[in-house]
Structures are given as structure tokens and as C-alpha cells.
Amino acid sequence: AQSVTQLGSHVSVSEGALVLLRCNYSSSVPPYLFWYVQYPNQGLQLLLKYTSAATLVKGINGFEAEFKKSETSFHLTKPSAHMSDAAEYFCAVRLSTGNQFYFGTGTSLTVIP
Amino acid sequence: DTAVSQTPKYLVTQMGNDKSIKCEQNLGHDTMYWYKQDSKKFLKIMFSYNNKELIINETVPNRFSPKSPDKAHLNLHINSLELGDSAVYFCASSQGEWGSGYTFGSGTRLTVV
């Protein structure tokens, strides 16, 4: 079975502090991995994706994520949090053998002034 | 131009009614999806259509039925609405390449009273 686990349903950081949102996947084959962001009352927007090229992926708004096969992880980071980063973040995995995405349960990021 | 558009954005209706949510994408994508997001932000796939063929149908009540008149549209019909159907419904689309992400609509907030 394939799944995505996001550790921490709520994360709070101070403005200017490092953001680290954790995502682990379980898959028998290297998957394609994604991070999406959902701002209040909006749809999901693609932040970045890993598709078996470089293991360090840079996305929009200063976010990046590193694929670590040995740890089956794809954690999302941003060096300095901004108030506008407050949102819900979803990690997702898509296998190379199908169209279906598997979403994590989401992590709500709060940025404290 | 909105890439994936859903209508209506908000829908309030009584139990037992039948309602439809429309979705259109102008990206030329070949696959469209419907997701349900519950009050805890959990995303659950309901359906997907690829070239007018249903390729995913999770354990969704048969009161829900997708209808795709063409590749650019995937509408969701719901019969005999129940209180538990209250949620945000997202339409999404993707192109067939395995590394592609989804493009989401902005969601339809359905409230059954």
C-alpha cells in the first residue's frame, strides 16, 4: 500500500524563523512527490514537485524540499517564515503506474508576529 | 482566464434535494478529478475521468455521479443530499505525464441543512 504521512497537524513558527514541515511516504518504487499549499477559502496550489531529477527541489515563495530515499522523506523547508505563509500544506505522492494522487492529512502552519 | 473553474462557489440546500456542481478546465488536460475535503481538511478522491472513461471510483455512495460531456468538463451530480455530504468539493485536472501535478479549482462549499 502507498501512503503519505505528515507529522504534525499544526506547526507554529515565529516570523523570520525556519519553517520545517515533515512528509514521509511509503512506496515500493520511487514515486513522484508534491507539496501543495491551500490558503483560507481557496483551492490547492502547487508549491513544488520531485520527479526523479535533482533531489533538492526549489519551489515558489522561497520554499524548497529535499527527497531522501534512504529516509523515504520529502520535508518542506523555508529559511525565513513570512506572515503570508500561514496556510494549510499538503504533501502528495503520485506513483509512476497510475493517475491517482495520495494526499497527506495536511499541516496547518501558523506564523506568529 | 481561470484554468479550472467550478460553479457555484457556495451551495446551501436542504436534505433530500438533488444538486449539481459544474467544473470546466481550459488547460487541455486529459484527466479530471473530483475530491471531497471534510471539516478536518482531509482530501479524499471521489472520481476521475480520462478521455470520457471513468478510471477511479472509490467507495463513494451511488448518490454521487460524475458526468463528463467532453474532455474539458466534469460535472458532479448528487442525489438525495444528506447532512454528511456537507464539505468542500474540489475539481482538479492533470495531463497524462507521470510527473505532472494537479491544477485545482477554487472549490465549492456545500452545506446541507
Self-check item: Hits in the range A:58-79 (condition: hydroxyl-bearing (Ser, Thr, Tyr) and in contact with a strand residue (DSSP E or B) (Cβ under 8 Å, 6 or more places away or on another chain))
Solution: A:Thr72, A:Ser73, A:Thr77
Self-check item: Single condition B:Arg109 does not satisfy, out of (1) buried (at least 22 other Cβ atoms within 10 Å of the Cβ); (2) closer than 30 Å to B:Gln14 by Cβ
Solution: (1)
Exercise. Look through the range A:75-97, keep the residues that are β-branched (Val, Ile, Thr) and within 14 Å of chain B (Cβ to nearest Cβ), and return whichever of them is surrounded by the most Cβ atoms within 10 Å (Cβ to Cβ).
Key: A:Val93
Quiz item: Given the conditions (1) surrounded by fewer than 21 Cβ atoms within 10 Å (Cβ to Cβ); (2) within 10 Å of chain A (Cβ to nearest Cβ); (3) farther than 21 Å from A:Gln38 by Cα; (4) modelled with pLDDT of 85 or more, and given that B:Thr31 satisfies all but one, which numbered condition is not satisfied?
Solution: (1)
Practice problem: Tell me, yes or no, whether the range B:10-17 has at least one residue that is at pLDDT 90 or above, away from chain A (no Cβ under 11 Å), closer than 28 Å to A:Val93 by Cβ and surrounded by 16 or more Cβ atoms within 10 Å (Cβ to Cβ). | Solution: no
Practice problem: Identify all residues within the range A:34-74 that are buried (at least 20 other Cβ atoms within 10 Å of the Cβ), part of a strand (DSSP E or B) and facing chain B (nearest Cβ under 10 Å); write none if there are none. | Solution: A:Phe34, A:Trp35, A:Tyr36, A:Gln38, A:Leu44, A:Leu47, A:Leu48, A:Lys49, A:Tyr50
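The values are calculated or read from the model by the stated rules, or taken from the named source; none is laboratory data. Computed from a predicted structure; not experimentally measured. Cβ: placed from backbone, ideal geometry, glycine included. Neighbour counts: every protein chain shown.
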